Amino acid sequence: MIIDIHFIGLIITSIMASAVPLILASCGELITERSGVLNLGVEGMMIIGAISGFAFMTVTGSLFIAVIGAMLAGVLISTIFAFLTQTLITNHVATGLALTIFGIGISAMIGKNFVGIPGKEFPVLFESLKDTIPFLSPILFGHSIVFYFAFALPFFTNYFLKKTKIGLIVRAVGDSPESASNQGINVKLVRYSCILYGGAMCGLAGAYLSMIYTPQWIENMTGGRGWIALALVVFSTWNPIKILIGAMIFGGLTIIQFHMQAMGVRVPVQFLTALPYIVTIIVLVVISRDSRKIRLSTPSSLGKSFYKDN
Amino acid sequence: MNTNLKISNVTKIYPGCVANDNVSLEFNSGKIYALLGENGAGKSTLVKILSGVIIPDEGKIYLNENNLKLNSPLDAKKNDIGMVFQHFNLFETLSVFENLIIDSDEQRKSLREKIDSIMKKYNFSIDLDIPVLNLSAGQKQKVEIIRCLIRNPKVLIMDEPTSVLTEQETSELFLSLKKFSEEGILIIYITHKLKEVMQLCDEVAVMRRGKLVSVSQIKNENIESLANKMVGQNLKTIKKRKTKTSSDQLINITNLNFISEDPFETNLNNINFSVNRGECLGIAGISGNGQSELFQVLSGEILSDKNSIEYNKNYIGDLNPQERREYLMAFSPEDRLEQAAIPQMAIFENVALNNFKSSNFFNNGLINENKIKEHSKKIISDFNVNTDNIELKSQFLSGGNLQKLIIGRELITAPDLLICFNPTWGLDVGAINYIHETLIKINEQNKSIILISTDTDELLKLSDKISVIHKGKLSNIMNADEVTSEKLGILMGGGN
């Protein structure tokens, strides 16, 4: 069997493309969780982003409005979560699960009118550079702006958390909301902002799926990616760079197992389909084994409600 | 410059409890003020009002004649009121420097210089770039103090600052506080420890049940007079009768080791000791030196080598807590609400948790509620637990009442050995007295106690023998009457 270098380049490109929604959603959720809020509604926010993006695109015809609209839809639905968990002090886990169920349901309802409508072509950047360097340039160039944004995001997120004052405040709130509040930090404001930011990123991840990755609307098209994104955050021990690695491994195995199935490798299909999940978790657990570092990067107040009694 | 802080007619009412009842006080810089009272007397509420954490229902605060509106901790900071809380307000996973820069508007570099100069001035030495969770309690407190000093406060409030400190750290703290006071910072020192008030302060205000009871000069007071004011009645002083200890060995620990996989736990290194019947062995040490691990190994929460613990001629190192209870051991862990009792469960349910075979609390897998309730009522009356409602959730009991309940529960079996870990931590004088009396009674009945405690006074009062744990190693076992608190302090710090 001959596998030419062009084919490998194609595989790498498709791996990276499939990692994009995971990176976006994980990095958003990471910020939310670093502030101590556990939002299990990632899948729901993504699917809402997916249908909103597609609907805005079909109705307005503008890709720009569609992307912004998807992000705003993510913000809107996460506002519900924020209001429930931060203002009404509901349980994070139950509220997050409800959000996912709600998102899947409402997206299917809205989506009925959009099934079967073809998507639009999303403009790509650096198309002209695609032939400059053999092998590398088809991988590096000719992608959408969301693609480039996604691969820069983990580094920005890392910088934001480690080097900026606001990032420090987010980590402080996640570590001990009581102390933060006693220091005069507005815990609710910080947590609201982080939840809304997470919503925006999940909305964007959804829009990428329905507008760029597979430009059409299919019911339940996120297909569990939101849960994978959640798992990536935890198994990467809240480290954005490790999220990037995890997303690449997951995306990679998903793509490779498709090709293996296509080549007729004699392994049960079910095993191949399960492979990305298993390997991603194993790899992330292994690279995150330092229990000291885990303790330092785990938000101590994750999932705990905070309220001030005066 | 002179600072004058005035609290005028402050009242704060919680449902079912008046935390501050029309309190008025005045403070002037140059002096160190003590605010003295038992737990629940309202002193923490009062200082939380001063620091903007709690907003009073009525009353005003004046700083140098200006009426302060303290609606948030930020307002207190802006008005130069600094506060070091009893429970540290630090972010454990952030570095020391990150903890300090978070509420400062200064640039990294100038802040670092400022911190360095503060540390130099007051002889603090703390690595600014390690996470706070690696610091000792004394160092954490220094970080809190530095955080206040960065803002050049006019008022510095210390809420029970010595509850986590060693003798040495305490005297260092007192030196610093005196220095701050000389530099014109008004210091308000909240405590229920009378000795410290006598040592450190110039003036003392005593609170009881939300009311201000007295304001007086320290030179006109002594420990007894203050204690009586604080409790509101005459306290009897208790003393252990020196019994001649038997030579009948009850428990013998040989070559006990514990290696933890958690880097934040302390390893235990070759622990050897024995306790005779009727004896109390005190184990002193600064918290975090392996006490909690030692307690867990002794209670069976952590299993060890079978032969390392010999109890009543049985080897029990590999038995779990329940099995050890069958051998008439009893345990009172440090954390009353997390380890000893389940906060959301009723008193009688918590009593039943300590179930053992002979208790008859359970018949054929069913709960014998009458039996449990009957027994719970007996504990409540025998051990002076201040409630008559055994259906009350245990989280609503005060620390003292909960501790009495736990000790009472543990003594159901008439155990031969009681292992306690900081039994009087955070309790008020009355409750401490009661617990101490109970422990002495146990010894008088020829039963034994292992008392792991960070309170040296308590150890000196109750123990027959004392050992010190430092970094997971036990010192020689000394007779209690040959030991002084200074000597313990040195051993606790790792000296010889």
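Here, each number is a calculation from the coordinates, and none is a lab measurement. All figures in this text were calculated on a predicted structure; none of them were measured in a lab. Note that each Cβ is placed from the backbone with ideal geometry, even for glycine, and that neighbours are counted across all protein chains shown.
Pairs of C-alpha atoms in the range B:249-492 farther apart than 30 Å represent 24 percent of all such pairs. With respect to chain B, whose longest principal axis is taken over its alpha-carbon atoms, helix B:167-182 is tilted by about 10°. Here the 3J(HN,Hα) profile of the range B:274-287, calculated from phi with Karplus coefficients 6.51, -1.76 and 1.60 at θ = phi - 60°, is 9, 10, 8, 5, x, 10, 10, 9, x, 10, 8, x, 6, 4 Hz, Gly and Pro shown as x. Residues whose amide H comes within less than 5 Å of that of residue B:32, counting only those at least five positions distant or on another chain, are B:202, B:203 (H built at 1.01 Å from N in the peptide plane). Listed by chain and number, the lysines whose C-alpha is less than 19 Å from the C-alpha of residue B:219, apart from same-chain residues fewer than 8 away, are B:31, B:178, B:193, B:195, B:229.
How high is the relative contact order of the range B:378-496, in percent, counting Cα pairs under 8 Å that sit 6 or more residues apart? In percent, rounded to a whole number, it is 17. Spread over its residues, the convex hull of the C-alpha atoms of the protein assembly as shown is 221 Å³ per residue.
Peptide B:262-274: average number of partner chain Cβ atoms within 10 Å per residue?
Numbers: counts 3, 4, 3, 0, 0, 0, 0, 0, 0, 0, 0, 0, 0.
If you average over the peptide's residues, the count of other-chain Cβ atoms is 1.
Kyte-Doolittle mean at least 1.6 and Cα extent at least 24 Å along the axis: which DSSP H helices of chain A qualify?
Details: long enough: A:5-34 (41 Å, 1.42); A:42-60 (26 Å, 1.57); A:63-82 (28 Å, 2.51); A:92-111 (28 Å, 1.65); A:145-163 (25 Å, 1.08); A:187-208 (32 Å, 1.00); A:240-263 (34 Å, 1.33); A:269-287 (28 Å, 2.48).
Helices meeting the span and hydropathy rule in chain A are A:63-82, A:92-111, A:269-287.
Listing B:189, A:307, B:315 from fewest to most neighbouring C-beta atoms within 10 Å gives A:307, B:315, B:189. For chain A, what is the calculated [θ] at 222 nm in deg cm²/dmol (nearest 500), taking -39500 (n - 2.57) for each run of four or more DSSP H residues and dividing by its residue count? Counting only the DSSP helices, I get -23000 deg cm²/dmol.
Given a cut-off of 29 Å, name the pairs among B:121/B:461; B:48/B:140; A:293/B:465; A:163/B:473; A:162/B:142; A:188/A:293 whose C-alpha atoms lie farther apart than that in the structure shown. Violating the 29 Å Cα-Cα cut-off are B:121/B:461; A:293/B:465; A:163/B:473.
How big is the charge dipole of the range B:4-231 about its Cα centre, in debye rounded to the nearest 20, if each Lys and Arg gets +1 on its Cβ and each Asp and Glu gets -1 on its Cβ?
Values: 29 positive and 30 negative charges, 69 e Å.
The dipole magnitude comes to about 340 debye.
Mean separation of Cα pairs under 8 Å and 6+ residues apart, divided by the residue count of the range B:249-492: what relative contact order is that in percent?
Values: 460 pairs, mean separation 68.4, N = 244.
Result for the range B:249-492 is 28 percent.
Let me confirm one metric for peptide A:171-178, namely the mean number of other chain beta-carbon atoms within 10 Å of its residues' beta-carbons.
Values: counts 5, 8, 1, 2, 9, 8, 0, 4.
Mean shielding count: 5.
The range A:258-284 and the range B:399-420 have Cα centres separated by 57 Å.
Secondary-structure-derived ellipticity at 222 nm for chain B, considering helices only, amounts to -9500 deg cm²/dmol, per-run term -39500 (n - 2.57) for DSSP H runs with n ≥ 4. The equivalent ellipsoid of the range B:4-231 has semi-axes of 29, 20, 16 Å, largest first, where each one is the square root of 5 times an eigenvalue of the Cα gyration tensor.
In chain B, the longest principal axis of the Cα atoms and the axis of helix B:429-444 are about 20 degrees apart.
Taking each residue of A:287-297 in turn, how many C-beta atoms of other protein chains fall within 10 Å of its C-beta, and what is the average?
Details: counts 0, 0, 0, 1, 4, 6, 0, 0, 7, 7, 1.
Partner-chain Cβ atoms within 10 Å, mean over residues of A:287-297: 2.
From most to least packed by mean Cβ count within 10 Å, the peptides B:43-51, B:361-369 give B:43-51, B:361-369.
Our coupling estimate for the range B:316-322, obtained by passing each phi through the Karplus curve with A = 6.51, B = -1.76, C = 1.60 and θ = phi - 60°, is 10, x, 9, 8, 7, x, 5 Hz, Gly and Pro reported as x.
Counted over chain B, the DSSP beta bridges are approximately 55% antiparallel.
Close amide H partners of residue B:22, meaning residues 5 or more places away or on another chain with modelled amide H under 5 Å apart, are B:11, B:12.
Projected onto planes of every orientation and averaged, the convex hull of the alpha-carbon atoms in chain A covers 17.8 nm².
Normalised Debye scattering of chain B at q = 0.05, 0.10, 0.13 Å⁻¹ gives log10 I(q)/I(0) of -0.21, -0.85, -1.33, counting only Cα atoms as equal scatterers and leaving out solvent.
Here's the picture: charge each Lys and Arg Cβ at +1 and each Asp and Glu Cβ at -1 in the range B:353-396, and of B:375, B:364, B:394 the one pushed furthest to the positive end of that dipole is B:364.
For residue A:143, the residues whose amide H sits under 5 Å from its own are A:125, ignoring neighbours fewer than 5 places away on the same chain, with H placed 1.01 Å from N. The ranking of A:234, B:385, A:59 from fewest to most other beta carbons within 10 Å of each one's beta carbon is A:59, A:234, B:385. Counted over the range B:4-231, the DSSP beta bridges are approximately 55% antiparallel. Comparing Cα centroids, the range A:22-64 and the range A:190-216 end up 2 angstrom apart. Beta bridges per DSSP, both residues in the protein assembly as shown: antiparallel share near 55 percent. Could you tell me the center-to-center distance, by alpha carbons, between the range A:126-156 and the range B:99-138 in angstrom? Computed from Cα coordinates, the inter-centre distance equals 44 Å. In the range B:262-356, Cα pairs under 8 Å separated by at least six residues give a relative contact order of 17 percent. When B:444, B:65, B:172, B:98 are arranged by Cβ crowding within 10 Å, least crowded first, meaning fewest neighbours, the order is B:65, B:444, B:172, B:98.
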